[in-house]
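Read through the structure below, which is laid out as C-alpha cells, and then see the notes.
The values are calculated or read from the model by the stated rules, or taken from the named source; none is laboratory data. Model, not experiment: these values are computed from the prediction. Glycine gets a Cβ as well: all are built from the backbone with ideal geometry, and neighbour counts include every protein chain shown.
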Amino acid sequence: MRNFVSKSVSSLRPSGIRRYFDIAATMEDVVTLGIGEPSFPTPLHIIEKGVESLYDGQTGYTNNSGTIEVRQAIAQYIQGLYNVSYNPEDQILVTVGVSEALFLALKAILDPGDEVLIVEPCFVANAAAVELAGGVPVSVDTHVENDFQVTGAELEAKITPKTKALLINYPNNPTGAVLTRERMLEIAAVAEKHDLLVLSDEIYERLIYGVEHICFASLPGMYERTLLFSGMSKSFAMTGWRIGYVSAPADIMAAMRKVHQYLIMSASTTGQIASIEALLHGEPDVKEMCAQYDQRRRLIVDGFNSIGLACFEPRGAFYAFPSIAATGMSDNDFCEKLLLEDRVAVIPGSAFGRSGAGFVRASYTNSYENIEKALERMHRFMQRHGFIQSVGTLAAAH
C-alpha cells in the first residue's frame, strides 16, 4: 500500500518539548520546570461566570468572530492598555488559542513560496505553522549578548524578494526577553522599508517585571502593518479554556475569518463568556499572579547563577533561559541526564531554534518550594559531575 501521509506533514519535525514530558510521565517524584502554563487555577469569579452560562443554556454556536460582547471587551482592554483602537465589528477575531489565530493569519496572507522571517528562539509551533500554511520559514537568530532582542540589522540580513512578513514574540517564549523601544523602532523601520507585515505575538504582555511592554501596533506607522495576537491563557491562567484573539486591519481580518469559519465555526461559547469577566474584572488577579511570578523569577535566576549556570535576567513571561556552556554538554544531553539522574525536567534550548542551542528553558510557574527543590537537585547534579566545587548546600553557594 502506498504512503498516504502528505510530504508537507511528513517533513515536519516533532516538538522538541514533548519527548521530555513523555519521559517524566513514566517517573515518580519529578520536579518539572518544563511546562509553559500557569500553576494557578483560573480565578473563581471567572469560573463562576462560565458555569452560570452553562446553566443559563448558553451552549450553542456564536458568531464566527465571537460574540459581539467579548469582542467589545477585547477592544476596550487593548484601548485601555495601549491607547490603540480596534473596531470590534470587523477588526477582532476570537480563536481557539493564539496558535489557531497565527495559522489563520499565515494562511490568509501567504502564497506558496512566500517567506516569513521568524525571530528565534521562539515557540516551537511557529515554523511549523508557516510550513503548514504553504510558506517558507526563515530563521533569524538572536543572541544573549543582546538579551535575545532582535536587531534591525539581523532582520535586514535575511530579507529577500520573497519575504512577506516577520513574526516576533515579545515578551519571549523561551527566553523571557522583552524588546526595548529602540529595538522595536528598528524592526518597524525594516518593516516599512521592505513593505512587510508584522505578526506580533504578545500573549505574555501582562507578565512584565520592572520594564514596560510596548504594543507593536502602537508604534508610528505600524497600526496598518501589524497583526496583534494575544489571549486569555497566560495572564488570566485560562489555558484550558482555549480562548485567543487577533486584532488586524479589516481586509486581512476578513480573509482570516473566511478560513476560521470553515475550520472552527466559533470558539468555545463558555470560554468567551468567562473571558468577558476576566477582561473587565480580572485586573487584581493579573497583578497578584504577576507579583508571585516575580518572586519565583528572582529565586530561579539567582539560583542558576549561583550554581554555575549563567542566566541573563528575563524581564517578561515566566521562563528563565540559563546557559549550560560551563558543563560542556549539549543541551539535549544535559536535560536527559538531569531528568534521569536527579528528576528535574527542563527543556533543551535547541527545541526553540538554532540559536537556543547551549541553553535550557526553565519555567518558574511551579511553586516557590518546588523551585527551591529543583535548584537543590540541580546543584547536586552540577557537583556530582564536577562542574562546580563541592560547597555544601545551595544556600552556601549564594
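Listing for the model above:
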| quantity | calculated |
| --- | --- |
| Filter result for TYR86 (more than 28 Å from PHE148 (Cα to Cα), modelled with pLDDT of 95 or more, among the aromatic types (Phe, Trp, Tyr) and not in a loop (DSSP other than H, G, I, E, B)) | no |
| Selection count, segment 316-335, where residues are free of Cβ contacts under 8 Å to residues at least 24 places away in the same chain and either among the aromatic types (Phe, Trp, Tyr) or in a helix (DSSP H, G or I) (or both) | 2 |
| Looking only at segment 143-187, and only at residues there that are among the polar types (S, T, N, Q) and not in a strand (DSSP E or B), the one that is surrounded by the fewest Cβ atoms within 10 Å (Cβ to Cβ) | THR160 |
| Flag for PHE312 being assigned to a loop (DSSP other than H, G, I, E, B), touching an Asp or Glu at 6+ places or on another chain (Cβ under 8 Å) and not assigned by TED's automatic domain parsing to the domain that holds CYS122 | yes |
| Considering residues of segment 11-55 that are in a loop (DSSP other than H, G, I, E, B) and more than 22 Å from the chain's Cα centre (by Cα) only, the residue modelled with the lowest pLDDT | ALA25 |
| Candidates ALA75, ALA108 - the one that is surrounded by 13 or more Cβ atoms within 10 Å (Cβ to Cβ) and under 15 Å from SER230 (Cα atoms) | ALA75 |
| In segment 125-151, the residues that are over 27 Å from ALA108 (Cβ atoms) and among the hydrophobic types (A, V, I, L, M, F, W, C) | VAL144, PHE148 |
| Candidates ALA325, ALA274, filtered to the one that is more than 20 Å from the chain's Cα centre (by Cα) and surrounded by fewer than 16 Cβ atoms within 10 Å (Cβ to Cβ) | ALA325 |
| Criterion: in contact with a helix residue (DSSP H, G or I) (Cβ under 7 Å, 6 or more places away or on another chain) and charged (D, E, K, R) - qualifying residue of GLU69, GLU48 | GLU69 |
| Candidate set from segment 349-376 (those that are of a type in the set (D, E, K, R) and in a helix (DSSP H, G or I)); member that is nearest to MET289 (Cα to Cα) | GLU369 |
| Residue, farthest from ARG315 (Cα to Cα), within segment 128-168, restricted to residues that are over 21 Å from the mean Cα position of the chain (by Cα) and of a type in the set (Ser, Thr, Tyr) | THR160 |
| Every residue from segment 148-176 that is over 24 Å from LYS193 (Cα atoms) and out of contact with any helix residue (DSSP H, G or I) (no Cβ under 9 Å at 6 or more places or on another chain) | PRO171, ASN172 |
